[in-house]
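The values are calculated or read from the model by the stated rules, or taken from the named source; none is laboratory data. Values in this document were obtained by computation on a predicted structure and should not be read as measured data. With ideal geometry, Cβ positions are generated from the backbone for all residues, glycine too; neighbour counts draw on all protein chains shown.
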Amino acid sequence: MSKQGDAALAGGVTSAAIVLGRSYFRISNKVRDARDDARDAIDTADESLRVAQSLATSGDIRRIGSDAVSDFLAGLGFPAQSASTEPSAFASAPSIIPRPTITEALAITPTSWPPAVNDYDDRGNLKKPEDAFSGQNFLTGLVLSYPEVRASLAGLTHLSGGVVNPAVETQHYRFFHAIALELLALANAGGISQAQYQLAVRQMLGGVVPGGVGLAVQLLDRFAADSATVTNTTTETQVGILKIPAGTLKKVGDVLRVNTAVTSVAVNSTNTHQVRIRLDSLSGTLLWDTGAVNPAAGASGVIEGRGMVQTVGSGGVLALGGSSALGGSAQGPATGSVSLDLTVDHYLVISVLQSVASAGNSQKARFGEATYQAA
């Protein structure tokens, strides 16, 4: 081979070597990059596995994933319906789901402890969503979404100014625990019906139920301490007063009751004593009067009066009944009826009257009470 041929061959080999070398380095770099990417992927997978293992063993996640908590969240989230977002020329017909009515049967079952729960699949879905109420906590979560339940819970709060007050908390506990104990005793004694509970609540509320029948007697006013002793005067003197708040008597058939006792502490000879009840003042309409009686010392003048509403409003009318007595025969009301404005406050004024001004005559009120019963 000529020298020129040898030179050409050597140049070709050299060029090929250079190309192969460059290719090798490029491939080597890619292999190294791929190896680094693989290491990064392994590190990422390892980190993901550690996170997954941490979540799988997390107490928070395990609690959230428990069937009892899932039932509660399912109830709180009911009904889970999504709104349609598809474009349309017309409005969609609303999908109205009636609010479940919570009956006594739903409220008291199931009765096991710990609470009965629903069955869930591995993805956390209810296996039998149509039987969701079989999970006790489903109902708990559901009723917390009801506004009346929310309002009831909110009503248990008080204006504490953000200051924790253990004394208030103690009273809350004692009040509700007392209710629980009484309900337990009631249940052990056989319990009462729903109608009887409604009656008890009505009585607790004073018998005022719009459109209903009032069965309870509600206290309007009372005094329990002895009055000052009235003696040596012939002037009619007030010994007690009871308030009838405006608007209390607001239905035909509402009944006002008044009870009072006045003692004749001392009686001079044949002098007479009287006990009276007037409307609003000592110059007001005389409603009840024992009459002038010569009682024995220590005798009690007792008035048990009643007034039933015949006409309501500013032109109100009360028909009067009842009796009054002071050591003798009972007397009826001093008048058959009285007209008064039932939209304003009124007062029952209890007074005494002695026929002779003598230190030997003395009287004092022992107590007084005004109540009413709604029609």
(message) Residue under question is Gly313, and the condition is that it be modelled with pLDDT of 95 or more and over 30 Å from Ser269 (Cβ atoms); does it hold?
(response) no
(request) Of the numbered conditions (1) of a type in the set (Ser, Thr, Tyr); (2) surrounded by fewer than 14 Cβ atoms within 10 Å (Cβ to Cβ); (3) in contact with a strand residue (DSSP E or B) (Cβ under 8 Å, 6 or more places away or on another chain), Thr371 fails exactly one; give the number of that condition. (result) (2)
(request) For the stretch 66-85, state whether one or more residues are more than 30 Å from Thr140 (Cβ to Cβ), assigned to a loop (DSSP other than H, G, I, E, B) and at pLDDT below 60. (result) yes
(request) Assess whether Ser264 counts as being farther than 16 Å from Val352 by Cα, in the same structural domain as Val349 (by TED's automatic domain parsing), in contact (Cβ under 8 Å) with a residue 12 or more places away in the chain and outside any loop (DSSP other than H, G, I, E, B). (result) no
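Please enumerate the residues belonging to the stretch 339-353 that are crowded, with 19+ Cβ neighbours inside 10 Å and within 17 Å of Gln238 (Cβ to Cβ).
The initial filter retains those residues of the stretch 339-353 that are crowded, with 19+ Cβ neighbours inside 10 Å, namely 340, 342, 346, 348-353.
Hits for the stretch 339-353 are His346, Leu348, Val349, Ile350, Ser351, Val352, Leu353.
Among the residues of the stretch 146-170, count how many are assigned to a loop (DSSP other than H, G, I, E, B) and either touching a helix residue (DSSP H, G or I) at 6+ places or on another chain (Cβ under 6 Å) or of a type in the set (Val, Ile, Thr) (or both).
Within the stretch 146-170, the subset assigned to a loop (DSSP other than H, G, I, E, B) is 146, 156-165.
Then drop every residue that is not either touching a helix residue (DSSP H, G or I) at 6+ places or on another chain (Cβ under 6 Å) or of a type in the set (Val, Ile, Thr) (or both), which leaves 157, 163-164.
Residues meeting the conditions: 3.
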(request) Could you list, in sequence order, all residues of the stretch 268-300 that are in a strand (DSSP E or B) and under 16 Å from Ile350 (Cβ atoms)? (result) His273, Gln274, Val275, Arg276, Ile277, Arg278, Leu279, Leu286, Leu287, Trp288, Asp289, Ser300
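Just for the stretch 86-114: of the residues that are of a type in the set (S, T, N, Q) and within 18 Å of Leu142 (Cα to Cα), which one is modelled with the lowest pLDDT? It would help to see each step written out before you state the result.
Of the stretch 86-114, the ones of a type in the set (S, T, N, Q) are 88, 92, 95, 101, 103, 109, 111-112.
When the remaining residues are screened for being within 18 Å of Leu142 (Cα to Cα), the result is 101, 103, 109, 111.
On the way: Thr101: 81, Thr103: 82, Thr109: 70, Thr111: 66.
Applying the filter and picking the extreme gives Thr111.
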(request) Name every residue in the stretch 301-345 that is polar (S, T, N, Q) and either under 16 Å from Leu287 (Cβ atoms) or touching a Ser or Thr at 6+ places or on another chain (Cβ under 9 Å) (or both), in order of residue number. (result) Gln310, Thr311, Ser314, Ser323, Ser324, Gln331, Thr335, Ser337, Ser339, Thr343
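Determine whether Val163 is of a type in the set (Val, Ile, Thr), out of contact with any strand residue (DSSP E or B) (no Cβ under 9 Å at 6 or more places or on another chain) and surrounded by fewer than 12 Cβ atoms within 10 Å (Cβ to Cβ). Spell out how you get there, then give the answer.
Numbers: of a type in the set (Val, Ile, Thr): yes; out of contact with any strand residue (DSSP E or B) (no Cβ under 9 Å at 6 or more places or on another chain): yes; surrounded by fewer than 12 Cβ atoms within 10 Å (Cβ to Cβ): yes.
Yes; evaluated as a whole, the condition is true for this residue.
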